[in-house]
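Down below is the structure, laid out as structure tokens.
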Amino acid sequence: MTGNYYSFDIPAALHQQIENYMGPSKHFATDFNLLYSVYSMPNIILPLFGGNIVDRAGAPACMVVFAFILFVGQVIFASGTCVRHWSIMLLGRVVYGLGGESISVASSTLASQWFEGKELAFSFGVNLAVSRLGSVINNMISPVIANAISTPFAMWVGAMINALSILSGLGIYLLERKAKRRCEKQNNANALLTASLLEDDRNKDNILGNDDTHSVSLNSLKSTRDKAQGEQNDKVRLRDVTRFGLSFWLLTLSCVVIYGCIIPFNNVASGILLQRNYFKVSTGNCELTYPGKCSSGWLVNKQNSGIQPDGQACSISKNDAPPLPEYLNITSTDSSWKHHSYVYAHLDSHTVDCGDPFWSKACTKDYCDKQKHATEEAARIMSIPYLMSAILSPFLGFFVDRVGYRAVIALLASVMLIGIHVTLAVSDGSPIVPLILQGFAYSMYAAVIWPSVPLIVDAKYIGTAFGVITSVQNIGLVSFPMIIAAIYNGSEQHYIPNVEYFFVVCASLGVLVGILLNIVDMRSGGKLNKVHREFINDDESNISASIPMSDDASYI
């Protein structure tokens, strides 16, 4: 899962580097957000079958297959980046999506099987923590690699990490198979011992004349065994979703809107933070001494610093972008440049392509150098929510297992997200505190929402339930990035404040759904808000009937 999250978030960490490498375009926001929309498109349908396949074929084997699909998708994506071809890059993300959500279903199913009735939320928290470390590591190193070597090389590092994920999946599969063989061996030994004891009893009863009684007992034992085996062999069908109650569907809707202001936010967080905090383009009166000349680089013959209308030098803070030329007319060329001439009657930040040596080395070196540093800083800061999640999730899962209140905590997380995104929209202060709070809200939400699924769905249908909730969630994850791109383009290519207002709307819907979920849960026995062990005790007989026999290696 670490490899899955690492490569999934590479475009988010390299938002500016990808724009520089592919070249400035008025369609960039749409093309970039499509990288996430096309990832989610196949997962509107696939997890329905992925969950069903996991239920039938077993989670360990499926994890190996899905990890291999992820590797192939990342290889295609990296290849498309090398040749600067959006269509190939999008194809790679589609293939990556074929494995990405399905491997999450398999992982969730495996965790719910291994830890049912014992620290379920804690196990999900640890799984999320380790997974999200992939996102954090990606944010920390991918911009550095891209700036130091190249953007395509950073993509290939993701492919190498996905290859390691295949090896991890193989390790899980082999451990499960070894455990299953050990179980079968133990079960056979137990069967022989039971048969031997029954035979001894039968011989004694033959002497006492009670053979009929034990024949009935033996037949009853066989009948019970056959019934149990028959129940295990019942096929899971997609129409079983009709068995899911209102609580499940409210939980699903909550996932759509709350993850809609977490994952899509992270997709464009680098761009938001650059515009809002770390590379703010001046809208004041600072301009170059020679506005038609390059500002920095080997084309500059004399110093061309920024000045104010009164002739005083501009005061440029560490988070401000240096001033750019207002116009250019350069027709000379160099073999390393992307174009033969650079003639602009009006030049702005969207014109400058720091992936072109003309800008990064010859004409606006100071601007591009500062932009590179800003992208690394923004990537580190945007890691805060996922770093918080990696640190807090296991402890919050442990906490939830003991206090319950899952639906209440989900509602509180939604309320927090409203305040966080309002703050990011209307203020220009440091983003660190809001992002810390977002990490806390995300950790709270994730710690309760996924472990809640096994509590309101029969154990037999857990894989299918995770598939359904993932499928519906991806409807939002397909549409939300496109909505964000449309808002960005309609706001003169600015993220603040309108994109942030969109996230506020998502969080507000999450509050509404959270209130309804608490009401429904209260009326249906409070399974979500009960302490997990209490729930297990209250429904012990029902859950015991759904737990597989000991030949299922996942319980060893």
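Residues checked against (1) at pLDDT 75 or above; (2) buried (at least 22 other Cβ atoms within 10 Å of the Cβ); (3) touching a strand residue (DSSP E or B) at 6+ places or on another chain (Cβ under 9 Å):
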| site | (1), (2), (3) |
| --- | --- |
| V105 | no, yes, no |
| N138 | yes, yes, no |
| Y173 | yes, no, no |
| A191 | no, no, no |
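Taking the stated definitions as given, is S360 open to solvent by less than 30 Å² (accessible area, probe 1.4 Å) and either touching a His at 6+ places or on another chain (Cβ under 6 Å) or modelled with pLDDT under 90 (or both)? In short, no.
Residues in segment 400-424 that are among the small types (G, A, S) and farther than 16 Å from G260 by Cβ: 3 in all. The set of residues in segment 240-293 that are open to solvent by 50 Å² or more (accessible area, probe 1.4 Å), in contact with a helix residue (DSSP H, G or I) (Cβ under 9 Å, 6 or more places away or on another chain), of a type outside the set (K, R) and more than 30 Å from F8 (Cα to Cα) contains only L246. Residues in segment 62-86 that are over 30 Å from Y21 (Cβ atoms) and open to solvent by less than 40 Å² (accessible area, probe 1.4 Å): 3 in all.
Scanning segment 294-337 for residues that are open to solvent by 80 Å² or more (accessible area, probe 1.4 Å), in a loop (DSSP other than H, G, I, E, B) and modelled with pLDDT of 90 or more turns up W298, Y327. Residues that are charged (D, E, K, R) and touching a Pro at 6+ places or on another chain (Cβ under 7 Å) were ranked within segment 286-321; the one that is nearest to A374 (Cα to Cα) is E287. For segment 481-531, the candidate set comprises residues that are among the aromatic types (F, W, Y) and within 21 Å of L437 (Cβ to Cβ); within that set, the residue that is surrounded by the most Cβ atoms within 10 Å (Cβ to Cβ) is F503. Apart from one condition, G525 fits all of (1) touching a residue at least 12 places away in the same chain (Cβ under 8 Å); (2) within 18 Å of R406 (Cα to Cα); (3) not hydrophobic (A, V, I, L, M, F, W, C); the exception is (1). Looking across S79, S37, one residue alone is farther than 23 Å from C354 by Cα and among the small types (G, A, S). It is S37.
The values are calculated or read from the model by the stated rules, or taken from the named source; none is laboratory data. Predicted model, so just to flag it, every value in this text is computed and none were measured. As a convention, Cβ positions derive from the backbone with ideal geometry for all residues, glycine included, and neighbour counts pool all protein chains shown. SASA here: full protein model, heavy atoms, side chains in, ligands and nucleic acids out. Shrake-Rupley method; radii C 1.70, N 1.55, O 1.52, S 1.80 Å.
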